[in-house]
Amino acid sequence: MSGAERDPARLALAADLEAAAREELIQACDLGWRALLACTPWGDTFEGFSPQGRAVCFERTYMWEDRPAGDIRVEVTVFEPQAFEAGVRLVHTLRRED
């Protein structure tokens, strides 16, 4: 592990961004496949606050995993406004409901 990876401030930031991304991913997936069917593909970015109170951007995207009307890939990225590349991206696939 490099010195930067052991830096307490960076570790705290990464943990905070991941917690925010997990919370947002749970909310995004709670909508369920049927509700998301009508609005996929879709995505947006909005500003909010992380669990530790940091100003962050949330990017939420719904895409078809393999084919239209199939499984839906849900991606959530949380990042500080000036540092998209340093953000945390989490992904979950909602299986098609028949």
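The values are calculated or read from the model by the stated rules, or taken from the named source; none is laboratory data. It should be emphasised that the depicted structure is a prediction, and the values quoted were computed from it without experimental measurement. Counting neighbours? That spans all protein chains shown, and the Cβs are built from the backbone with ideal geometry, glycine included.
For the reader, a short list of remarks on this structure follows.
- When residues in the stretch 25-71 are screened for being surrounded by 15 or more Cβ atoms within 10 Å (Cβ to Cβ) and either within 30 Å of Ala9 (Cβ to Cβ) or touching a His at 6+ places or on another chain (Cβ under 6 Å) (or both), 11 of them pass.
- Restricting Ala28, Ala9, Ala19 to residues that are assigned to a helix (DSSP H, G or I) and in contact (Cβ under 8 Å) with a residue 40 or more places away in the chain narrows the list to Ala28.
- Strands (runs of 3 or more DSSP E) completely within the stretch 49-98 that count 3 or more residues being among the charged types (D, E, K, R) and at pLDDT below 95: none
- Counting only residues that are without any contact (Cβ under 8 Å) to a residue 40 or more places away in the chain and under 16 Å from Leu37 (Cβ atoms), the stretch 61-98 holds 15 of them.
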